[in-house]
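Notes to accompany the following structure.
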Amino acid sequence: MKAHKLKDILNYILKEDDFIISDLLEAGNYNANEVIDYLKKGGKISSVSSQRECEICGKLAGSINYYTDGNWVWPEWITHYILDHRIKLPDGFIDHVKKDNLDQNLIQLIVNQDIEIELC
């Protein structure tokens with residue numbers, strides 16, 4: 001069976017050293033509340049007890065749990081960067097959020113590990 005491809009938002013916002021690309025800060029291209037509401041609808045695909053510390057302000061950014069909407073995957077801590085630093089997110093992700101077209105069946109298949117996934 002062919003793996004279902006998920007776009008990893010981290011590929012768009014992190015440098016190789018796992019720090020946020022500074023040009024993306026304070027460049028938000030979205031309504032923050034709309035994006036946060038959308039992210040809350042995602043299904044959790046991993047649970048990790050670790051936390052990420054924000055390299056910009058030093059606060060705890062949040063857990064390293066990962067979520068998906070069936071098309072994109074993101075870490076829980078991204079909400080900190082959205083709310084506190086207005087990080088610019090990929091245009092393709094923002095377009096997807098605006099459509100608000102979640103496939104709950106696909107999300108459940110991924111969460112339950114009933115289909116293989118590949119991050120791209």
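The values are calculated or read from the model by the stated rules, or taken from the named source; none is laboratory data. Fair warning: this is a prediction, and the values are worked out from it, not measured in the lab. A quick note on method: Cβ atoms are made from the backbone with ideal geometry, for glycine too, and the neighbour counts reach across all protein chains shown.
Quick rundown of the values:
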item: Meets criteria (part of a helix (DSSP H, G or I) and more than 15 Å from the chain's Cα centre (by Cα)) for residue 113; result: no
item: Residue 81 part of a helix (DSSP H, G or I) and touching a strand residue (DSSP E or B) at 6+ places or on another chain (Cβ under 7 Å); result: yes
item: Lone unmet requirement of (1) more than 30 Å from residue 2 (Cβ to Cβ); (2) modelled with pLDDT under 95 for residue 47; result: (1)
item: Scan of the stretch 31-74 for residues that are of a type in the set (A, V, I, L, M, F, W, C), more than 15 Å from the chain's Cα centre (by Cα) and assigned to a strand (DSSP E or B), ordered by number; result: 60
item: Any pair with Cβ under 6 angstrom, 6 or more apart, that starts in the stretch 1-26 at a residue that is under 23 Å from residue 97 (Cβ atoms) and ends at one that is surrounded by fewer than 11 Cβ atoms within 10 Å (Cβ to Cβ) and among the basic types (Lys, Arg); result: 21/15
item: Within the stretch 1-30, tally of residues that are in a loop (DSSP other than H, G, I, E, B), in contact with an Asp or Glu (Cβ under 9 Å, 6 or more places away or on another chain), surrounded by 11 or more Cβ atoms within 10 Å (Cβ to Cβ) and of a type in the set (A, V, I, L, M); result: 1
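Listed here are the residues, each with its yes/no results for (1) buried (at least 19 other Cβ atoms within 10 Å of the Cβ); (2) among the basic types (Lys, Arg); (3) without any contact (Cβ under 8 Å) to a residue 24 or more places away in the chain.
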residue: 35; (1), (2), (3): yes, no, no
residue: 41; (1), (2), (3): no, yes, no
residue: 46; (1), (2), (3): no, no, yes
residue: 67; (1), (2), (3): yes, no, no
residue: 73; (1), (2), (3): yes, no, no
residue: 87; (1), (2), (3): yes, no, no
residue: 94; (1), (2), (3): no, no, no
residue: 103; (1), (2), (3): no, no, no
residue: 111; (1), (2), (3): no, no, no
